[in-house]
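See structure below.
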Amino acid sequence: MDIIEFVCPFGCLIKGSIGAAAFDIKANCNIKIPKGHQAKVSTGLFLAMPQGITLILRERSGLADKGITLRAGTIDSDYRGEVKVLLQYLPCI
């Protein structure tokens, strides 16, 4: 596949199942990432966390299996702004 496409009508923060250890963040816009490229993906999520708390973003194994990797993943407690996720599409074949 030469282009990976994310389609979501709105940004959201959800737990995928009752047993999920963490929340999933979805894009709040449609985006296409060509093979070998990266893109900053808008989530529509704004947070104000208490001092000393850090948000850690991790890729899901299902996305990693498709060649989609997360390029950065720490949001500090003093950050104020939209959470955007930097994704890279590097399929194996």
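The values are calculated or read from the model by the stated rules, or taken from the named source; none is laboratory data. These numbers were taken from a predicted model, which means no experiment stands behind them. Positions of Cβ are generated from backbone atoms using ideal geometry, with glycine treated the same way; all protein chains shown enter the neighbour counts. When the accessible area is computed, the model is the full protein with side chains, heavy atoms only, and any ligands, DNA or RNA have been set aside. Shrake-Rupley method; radii C 1.70, N 1.55, O 1.52, S 1.80 Å.
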Count of residues meeting criterion [closer than 20 Å to Y79 by Cβ and either open to solvent by 60 Å² or more (accessible area, probe 1.4 Å) or modelled with pLDDT of 75 or more (or both)] in the range 1-23:
3
Hey, A21 without any contact (Cβ under 8 Å) to a residue 40 or more places away in the chain and in a helix (DSSP H, G or I) or not:
no
For the range 63-93 the number of residues that are out of contact with any strand residue (DSSP E or B) (no Cβ under 9 Å at 6 or more places or on another chain) and not hydrophobic (A, V, I, L, M, F, W, C) is 2
Residue, nearest to K15 (Cα to Cα), within the range 45-93, restricted to residues that are open to solvent by 80 Å² or more (accessible area, probe 1.4 Å) and in contact (Cβ under 8 Å) with a residue 40 or more places away in the chain:
K84
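Tell me, which strands (runs of 3 or more DSSP E) wholly within the range 31-93 include 1 or more residues that are more than 14 Å from the chain's Cα centre (by Cα) and either aromatic (F, W, Y) or closer than 22 Å to A21 by Cα (or both)?
Fully inside the range 31-93 and qualifying: nothing.
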